[in-house]
1. Please verify whether Val138 is modelled with pLDDT of 95 or more, within 30 Å of Ala54 (Cα to Cα) and either surrounded by 13 or more Cβ atoms within 10 Å (Cβ to Cβ) or of a type in the set (Val, Ile, Thr) (or both), treating the condition exactly as stated.
2. For the structure I just gave you, tell me whether Gly89 is over 18 Å from the mean Cα position of the chain (by Cα), among the small types (Gly, Ala, Ser) and over 30 Å from Ser9 (Cβ atoms).
3. Looking only at the stretch 11-42, count how many residues are modelled with pLDDT under 95 and of a type in the set (Ser, Thr, Tyr).
4. Just wondering, is there one or more residues in the stretch 100-108 that are out of contact with any Ser or Thr (no Cβ under 6 Å at 6 or more places or on another chain), more than 27 Å from Tyr70 (Cβ to Cβ) and loosely packed, with under 10 Cβ neighbours inside 10 Å?
5. Specify the residue that is farthest from the chain's Cα centre (by Cα); the eligible residues are those in the stretch 1-37 that are of a type in the set (A, V, I, L, M, F, W, C), farther than 23 Å from Thr65 by Cβ and not in a loop (DSSP other than H, G, I, E, B).
6. Only one of these conditions is not met by Asp116: (1) acidic (Asp, Glu); (2) surrounded by 12 or more Cβ atoms within 10 Å (Cβ to Cβ); (3) over 30 Å from Pro33 (Cβ atoms). Which number is it?
7. Report the residue count in the stretch 50-64 for those that are of a type in the set (S, T, N, Q) and surrounded by fewer than 13 Cβ atoms within 10 Å (Cβ to Cβ).
Amino acid sequence: MASKIEQNSIVSVHYTGTFDDGKIFDSSEGKDPLTFLVGHGQMITGFEQEMLGAEVGEKRQFTLTPDRAYGERTEAAIQQVPREQFPEGMAIEVGMVLGAQSDQGPVQFSVASVDDDMVTVDFNHQMAGMTINFSVEVVDITEPAQKDADGCGPGCGCN
């Protein structure tokens, strides 16, 4: 077991994420801890930065502004897509979150509006532009095996 969280550590944490109004948007409470490989894009950058140096049993609370979380909202991420590009007969409703393949891999988008011929979609992350808060407790820290240090770790699908 490693003593402190550092680059390439495999970390297990219990966490609760809240918006500024105190509403919980995600939590591991009552579930298994979240396990991730530090420094390989499995978590938002600000979360990892805030956890560096933490030890097992340590609790941290921090706030992430959009630039350290999911970025600012951008109008360029809102696009109009012809209705015919969606599966025939698919019920498309405002607020739906759907997935698509892009040149960079799978992406999620939400439906902003629908009319007869066009669907306005928003590729901004659902929490883009938001300041978010975390309360985190470190449950375990493990030194990575070599394959993990190369970027293949928990949640990557290769194990």
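The values are calculated or read from the model by the stated rules, or taken from the named source; none is laboratory data. These figures come from a predicted structure and were not determined experimentally. All Cβ positions, even for glycine, are placed from backbone atoms using ideal geometry, and neighbour counts span all protein chains on display.
1. Values: modelled with pLDDT of 95 or more: yes; within 30 Å of Ala54 (Cα to Cα): yes; either surrounded by 13 or more Cβ atoms within 10 Å (Cβ to Cβ) or of a type in the set (Val, Ile, Thr) (or both): yes.
Taking the combined requirement at face value, the residue satisfies it.
2. Judged against the criteria, Gly89 is a match.
3. Final tally of qualifying residues: 0.
4. The first filter runs over the stretch 100-108 and keeps only residues out of contact with any Ser or Thr (no Cβ under 6 Å at 6 or more places or on another chain), leaving 100-108.
So of that shortlist, the ones also more than 27 Å from Tyr70 (Cβ to Cβ) come out as none.
No, because not a single residue in the stretch 100-108 is out of contact with any Ser or Thr (no Cβ under 6 Å at 6 or more places or on another chain), more than 27 Å from Tyr70 (Cβ to Cβ) and loosely packed, with under 10 Cβ neighbours inside 10 Å.
5. So, considering only residues that are of a type in the set (A, V, I, L, M, F, W, C), farther than 23 Å from Thr65 by Cβ and not in a loop (DSSP other than H, G, I, E, B), the one farthest from the chain's Cα centre (by Cα) is Ile10.
6. Status for Asp116: all satisfied but (2).
7. Summing the residues that are of a type in the set (S, T, N, Q) and surrounded by fewer than 13 Cβ atoms within 10 Å (Cβ to Cβ) in the stretch 50-64 gives 1.
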